[in-house]
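Visitor: Take a look at this one; I'll ask things after.
The values are calculated or read from the model by the stated rules, or taken from the named source; none is laboratory data. Note that this is a predicted model, so its numbers are computed, not measured. Please note: Cβ atoms are built from the backbone with ideal geometry, for glycine as well, and neighbour counts cover all protein chains shown.
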Amino acid sequence: MRVVRAAVVAGVLALLALLVWDVAHNHGSGVAGKVDKGKIVPAPKLDLPRLGTSGKLSLASLRGKVVVVNFWQSSCVPCKEEARTLAAAAKAWKTKNPDVVFVGVDALDFDGPAKAYLRRYGVEYPNVRDATGKTYPNWGVTGVPETFFVDRHGRVVPPHIISTASRQELDAGIRRALSS
């Protein structure tokens, strides 16, 4: 019995090591890795059901606008820390320049907690729901929160913000996308 238990533990550790290696070596894949290297790349398709209302929202429908795309989840502590900052920035930019829009992508979350999160933090900009997490790999998202900036031509421009975004980082990213 001890041999079997040791073999199982060794197998689990080997799989864990493989997972860690894969995550560490694939960070450069997808849009995030390219943008982190300073490249401007076409935005991946984003066409998901709207959260809290009917219908779908596609990134393609927003062509001609600068779009701030924020990946989040209701149970994520850093997401909660930045939620009010994103909501305030979205309101300010809506007044300052209506061609700047924010879109939240709620990933791998339940509908109820996601809607409660939006209410609690005063998030009024459109949000979509990626219940299966299939959008993540195309963008190169490795966790939440992560924020991307899409220019008027549908291209993702640097910076790519990993973890909590400050107001200064958001404003700088938006200005860069506006000038791209």
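Visitor: Say we look at segment 71-107 and pick out the residues that are within 16 Å of ASP171 (Cβ to Cβ) and β-branched (Val, Ile, Thr); which of these is surrounded by the fewest Cβ atoms within 10 Å (Cβ to Cβ)?
Guide: The residue in question is THR95.
Visitor: Name the single residue that is farthest from VAL150 (Cα to Cα) among those in segment 53-70 being surrounded by fewer than 22 Cβ atoms within 10 Å (Cβ to Cβ) and touching a strand residue (DSSP E or B) at 6+ places or on another chain (Cβ under 7 Å).
Guide: LYS56
Visitor: Say whether the condition of being exposed (fewer than 14 other Cβ atoms within 10 Å of the Cβ), of a type in the set (S, T, N, Q) and modelled with pLDDT under 95 is met by at least one residue in segment 139-155.
Guide: no
Visitor: Pick from segment 160-169 the residues that are outside any loop (DSSP other than H, G, I, E, B) and touching a strand residue (DSSP E or B) at 6+ places or on another chain (Cβ under 7 Å): which of them is modelled with the lowest pLDDT?
Guide: In this case the residue turns out to be ILE162.
Visitor: Then there's this: Return yes or no: is SER75 closer than 21 Å to ALA177 by Cβ, among the polar types (S, T, N, Q), within 15 Å of the chain's Cα centre (by Cα) and at pLDDT 95 or above?
Guide: No; evaluated as a whole, the condition is false for this residue.
Visitor: For residues in segment 140-180 being among the polar types (S, T, N, Q) and within 20 Å of ASP106 (Cα to Cα), which is farthest from the chain's Cα centre (by Cα)?
Guide: Across segment 140-180, the extreme among qualifying residues is SER166.
Visitor: Would you pick out the residues in segment 108-134 that are under 20 Å from SER54 (Cβ atoms) and small (Gly, Ala, Ser)?
Guide: Within segment 108-134, the subset under 20 Å from SER54 (Cβ atoms) is 109-119, 123-132.
Residues satisfying the conditions are GLY112, ALA114, ALA116, ALA131.
Visitor: Now, a different point. Can you give me the number of residues within segment 121-131 that are more than 13 Å from the chain's Cα centre (by Cα) and in a strand (DSSP E or B)?
Guide: Number satisfying all stated conditions: 0.
Visitor: Please go through segment 158-174 and pick out each residue that is surrounded by 16 or more Cβ atoms within 10 Å (Cβ to Cβ) and of a type in the set (Gly, Ala, Ser).
Guide: If the condition is that a residue be surrounded by 16 or more Cβ atoms within 10 Å (Cβ to Cβ) and of a type in the set (Gly, Ala, Ser), then ALA165, GLY173 are the ones that fit.
Visitor: Shifting gears a bit: Has segment 132-148 got at least one residue that is in a strand (DSSP E or B) and of a type in the set (S, T, N, Q)?
Guide: Checked segment 132-148: at least one residue is in a strand (DSSP E or B) and of a type in the set (S, T, N, Q).
Visitor: Can you tell me which of ALA90, ALA83 is under 19 Å from ILE162 (Cβ atoms), assigned to a helix (DSSP H, G or I) and either of a type in the set (A, V, I, L, M) or at pLDDT below 95 (or both)?
Guide: The match here is ALA83.
Visitor: I'd like the residue in segment 60-80 that is in a helix (DSSP H, G or I) and of a type outside the set (A, V, I, L, M, F, W, C) and, out of all such residues, is farthest from ILE161 (Cα to Cα). It would help to see each step written out before you state the result.
Guide: First, the residues of segment 60-80 that are in a helix (DSSP H, G or I): 60-62, 77-80.
If we keep only those that are of a type outside the set (A, V, I, L, M, F, W, C) too, we end up with 61, 78, 80.
On the way: SER61: 24, PRO78: 12, LYS80: 15 Å.
Per the criteria, the residue is SER61.
Visitor: One residue is enough: does segment 97-112 have a residue meeting the conditions in a helix (DSSP H, G or I) and either of a type in the set (Lys, Arg) or touching a residue at least 12 places away in the same chain (Cβ under 8 Å) (or both)?
Guide: yes
Visitor: What is the number of the single condition among (1) exposed (fewer than 13 other Cβ atoms within 10 Å of the Cβ); (2) modelled with pLDDT under 95; (3) at positive phi that LEU18 does not meet?
Guide: (3)
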